[in-house]
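A.B. asks: Here's a structure for you.
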Amino acid sequence: MQARQLVVLALLLAALAALLLAGLVLARVVAVRRSERTLRQALDERALQSAALAAAARGGDAAQGNAKPAPRAARPQGFKGLLERFAHTGMRWLDTPFGRQVVAQEERRLLEQCGFVDTRSRGLFLIARLAGMLVLPLVIGVLLNGHVAGVRYVAFVLAAAMAGFMLPKFVLARRASRRRNGVVNELPLLVDLLRLLQGVGLSLDQALQVIVAEFRAMLPVLASELEIAQRQFATGRTREQSLNRLSSSYDNEDLRAVVRLLVQVDRHGGAVQEPLKQFGDRLREARRAMLRERIGRLTVKMTGVMIVTLLPALMIVTAGPGVLAVQHSFRTAKH
């Protein structure tokens, strides 16, 4: 079988797989839209019944005639509207078996570490992975058209599809790594701020509100995480439930200890200035030890750099005049 026939067969199989996948997705979308339509009709009927009962209670058809329906919220247009449609499409696909494979538990954990905790962000991430898997192979195929053919062309296109599928995850993992390092660096300052604000008489909720509102520039990662926790607490969750994601997402034992302390203070009350002071001192000592370890590793690394860069220059400066003198004496003796 020739290489061109292999390429044609591979493209036919890929098209068949895409058609099957599209059929499954369309069936799922139709089912979701049907359920949304049924729910919307039920809600509209309930709203009409409530409006009729309210009008009858007010006792007049005039009030019913003057009542105006609430205006619908305008849908965003342009790029923002397109982004919203993509987000809603991704949200509908998240709970399907295909969506659970594309956005697995590891990707969801990375999204939480990056501060993207809502379903909309997960839907956009799903669409981004699918778009990268489709767009990058097309670009690579157009660029390689006429230069590479046969099995190598198919291999390049498949590699581009895999790279486009994994690229959003790489970007997400890099951002999550930076935020984990930011949590380690910001935690001692957070403990000191909590101790200071608790010392001046503020409650725990007031202290967290002040940190979120006033110290966002100093604590960019932890302030954003505390803001999410405060929003969840305002919507009815308990303090423990709202801070549970913060303690479990970043895999930091010191952060877990701070969260446990905050939950205990919210539940039982009491003075926490002295425990926070001791905890802050322990964090600073651990950070000093970590910095000493980094300095020790950097010294070892710099030894090799100095050998490669400074030793040749030092040999030239110290041994160069002696070598030149010996060469001059040999020339004189030869003549």
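A.B. asks: Can you name the number of the only condition in (1) buried (at least 16 other Cβ atoms within 10 Å of the Cβ); (2) more than 18 Å from VAL184 (Cβ to Cβ) that GLY296 fails?
C.D. replies: Tallying (1) buried (at least 16 other Cβ atoms within 10 Å of the Cβ); (2) more than 18 Å from VAL184 (Cβ to Cβ), GLY296 fails exactly one: (1).
A.B. asks: Do the conditions hold for ALA176, that is, is it under 29 Å from GLU106 (Cα atoms), touching a helix residue (DSSP H, G or I) at 6+ places or on another chain (Cβ under 6 Å) and either surrounded by fewer than 16 Cβ atoms within 10 Å (Cβ to Cβ) or not hydroxyl-bearing (Ser, Thr, Tyr) (or both)?
C.D. replies: yes
A.B. asks: Condition first: at pLDDT 80 or above, among the aliphatic types (A, V, I, L, M) and within 22 Å of VAL183 (Cα to Cα). Can you find one or more residues in segment 291-302 that meet it?
C.D. replies: Yes, segment 291-302 contains a residue that is at pLDDT 80 or above, among the aliphatic types (A, V, I, L, M) and within 22 Å of VAL183 (Cα to Cα).
A.B. asks: Mind listing just one residue for me: the one in segment 114-142 that is among the charged types (D, E, K, R) and within 17 Å of GLN232 (Cα to Cα) and, of those, surrounded by the most Cβ atoms within 10 Å (Cβ to Cβ)?
C.D. replies: Only one residue fits best here, namely ARG120.
A.B. asks: Just wondering, is there one or more residues in segment 258-279 that are in a helix (DSSP H, G or I), of a type in the set (Val, Ile, Thr), closer than 24 Å to ARG178 by Cβ and in contact with a Lys or Arg (Cβ under 9 Å, 6 or more places away or on another chain)?
C.D. replies: no
A.B. asks: A further question on this structure: In segment 249-283, which residues are surrounded by fewer than 14 Cβ atoms within 10 Å (Cβ to Cβ) and out of contact with any Gly (no Cβ under 8 Å at 6 or more places or on another chain)?
C.D. replies: Result: ASP251, GLU253, ARG260, ARG267, HIS268, GLY269, GLY270, ALA271, GLU274, GLN278, ASP281.
A.B. asks: Identify all residues within segment 226-240 that are surrounded by 14 or more Cβ atoms within 10 Å (Cβ to Cβ), more than 20 Å from LEU283 (Cα to Cα) and aliphatic (A, V, I, L, M); write none if there are none.
C.D. replies: Correct list: ILE228, ALA229.
A.B. asks: Right, here's the next one. Residue check, PHE279 against (1) aromatic (Phe, Trp, Tyr); (2) within 24 Å of the chain's Cα centre (by Cα); (3) farther than 26 Å from VAL117 by Cβ, all met but one. Which one?
C.D. replies: (2)
A.B. asks: Considering each of ALA10, ALA73, ALA104 in turn, give the residue that is modelled with pLDDT of 65 or more and under 31 Å from the mean Cα position of the chain (by Cα).
C.D. replies: ALA104
A.B. asks: May I pose another question? Here is a list: ALA213, ALA223. Which entry is of a type outside the set (Asp, Glu), surrounded by fewer than 18 Cβ atoms within 10 Å (Cβ to Cβ) and either in contact with a His (Cβ under 8 Å, 6 or more places away or on another chain) or part of a helix (DSSP H, G or I) (or both)?
C.D. replies: After applying the criteria, what remains is ALA213.
A.B. asks: Of the numbered conditions (1) modelled with pLDDT under 85; (2) under 17 Å from ASP266 (Cβ atoms); (3) not charged (D, E, K, R), GLN230 fails exactly one; give the number of that condition.
C.D. replies: Result: GLN230 passes all but (1).
A.B. asks: May I ask you to list pairs of residues, at least six apart or on different chains, whose Cβ atoms are under 6 Å apart, with the first in segment 272-288 being in contact (Cβ under 8 Å) with a residue 60 or more places away in the chain and the second being part of a helix (DSSP H, G or I) and among the aliphatic types (A, V, I, L, M)?
C.D. replies: VAL272/VAL265; LEU276/VAL191; LEU276/LEU194; PHE279/VAL191; GLY280/VAL191
A.B. asks: Might you check whether a residue that is touching a Ser or Thr at 6+ places or on another chain (Cβ under 8 Å) and under 20 Å from LEU194 (Cβ atoms) occurs anywhere in segment 259-268?
C.D. replies: Yes, segment 259-268 has at least one match.
A.B. asks: How many residues are closer than 16 Å to LEU94 by Cβ and either modelled with pLDDT under 75 or outside any helix (DSSP H, G or I) (or both) if we restrict to segment 16-32?
C.D. replies: 3
A.B. asks: So, in segment 144-173, of the ones that are assigned to a helix (DSSP H, G or I) and of a type in the set (Gly, Ala, Ser), which residue ends up surrounded by the fewest Cβ atoms within 10 Å (Cβ to Cβ)?
C.D. replies: So, considering only residues that are assigned to a helix (DSSP H, G or I) and of a type in the set (Gly, Ala, Ser), the one surrounded by the fewest Cβ atoms within 10 Å (Cβ to Cβ) is ALA155.
The values are calculated or read from the model by the stated rules, or taken from the named source; none is laboratory data. Everything numeric here is computed off the predicted structure, so don't read it as measured data. Glycine also receives a Cβ, built like all others from the backbone with ideal geometry; neighbour counts cover every protein chain displayed.
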